[in-house]
Amino acid sequence: LPHKISALTKLNFLTLSIDVQTLPHEMSHAFKQLKDLDLWCCKKLEYLPRSFTCCGAFPALVRIRLDFCGKLVEFPEVDEGALPRLQILDLSFCYSLRSLPLSLELLTSFRELDLLGVCGSLKRARVSCCFGP
């Protein structure tokens, strides 16, 4: 994946369905307007950069789609203030996923977590439901 992709600062939607092993950490702060990050079927992707879930990362992002990323081992810990608008995280059919960070509860707009086809591989996860106003 070319590092110049981070120069596309006005992107609202980004879909990558290629066999990338890593993603440039610069993406998380370069794409301030990105609302939808679709990494569907990136079969070699094992980890997301830690910068993706640090404070200030992806301020407009509403949805992350990582389904069918068969080698994805974990979703990184989430810092307080990171991904402030994230509502949907799709990890369906991420067969190698071992755990989910407890820090997902810091996502204040979070509404939907899709784990279809994953539960057999998970070693650690905590799910709680909060019903607000």
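Values quoted throughout were computed directly from the atomic coordinates according to the rules given, and no laboratory measurement underlies them. Nothing here was measured: the structure is a model prediction, and the numbers come from that model. Note that we place each Cβ from the backbone using ideal geometry, even for glycine, and neighbour counts take in every protein chain shown.
A few comments on the model shown:
- Taking Cβ atoms as reference points and 11 Å as the exclusive limit, the residues near L34 contribute a net charge of +3, counting Lys and Arg as +1 and Asp and Glu as -1.
- Eigen-decomposition of the gyration tensor built on the alpha-carbon atoms of segment 50-105 gives equivalent ellipsoid semi-axes of 20, 12, 9 angstrom, largest listed first.
- Couplings 3J(HN,Hα) of segment 43-52, computed from phi: 5, 9, 5, 9, 9, 8, x, 4, 5, 5 Hz, in residue order, whole Hz [Karplus 6.51 cos²θ - 1.76 cosθ + 1.60, θ = phi - 60°; x for Gly and Pro].
- Scanning residues 5 or more positions from D114 or on other chains, those with amide H under 5 Å from its amide H are L89, D90, L91, with H placed 1.01 Å from N in the peptide plane.
- Other residues whose C-beta falls under 11 angstrom from the C-beta of C55 contribute a net charge of -2, scoring Lys and Arg +1 and Asp and Glu -1.
- For segment 1-86, Kirkwood radius (reciprocal of mean inverse C-alpha pair distance, Å): 12.8
- Separation of alpha-carbon centers, segment 55-116 and segment 14-29, rounded to whole Å: 15
- Of the residues P24, A82, L37, the one whose Cα sits farthest towards the positive end of the charge dipole of the chain is P24 (charges of +1 on Lys and Arg Cβ, -1 on Asp and Glu Cβ, taken about the Cα centre).
- Ordering of 13-19, 47-53 by burial proxy (mean other Cβ atoms within 10 Å per residue, highest first): 47-53, 13-19
- Pairs from K4/K43; K10/K35; K4/K32; K35/K71 whose Cα-Cα separation, in the structure shown, is over 18 Å: K4/K43; K35/K71
- Loop-located GluC sites (Glu not before Pro) in segment 1-100 (DSSP state other than H, G, I, E, B) with a sparse environment of at most 13 neighbouring Cβ atoms within 10 Å: E80.
- When only the Cβ of Lys, Arg, Asp and Glu is charged (+1, +1, -1, -1), the dipole of segment 6-50 relative to its Cα centre reaches about 120 debye.
- Maximal additional length on extending the S103-I18 stretch stands at 27.8 nm, based on 0.36 nm per residue less the C-alpha distance.
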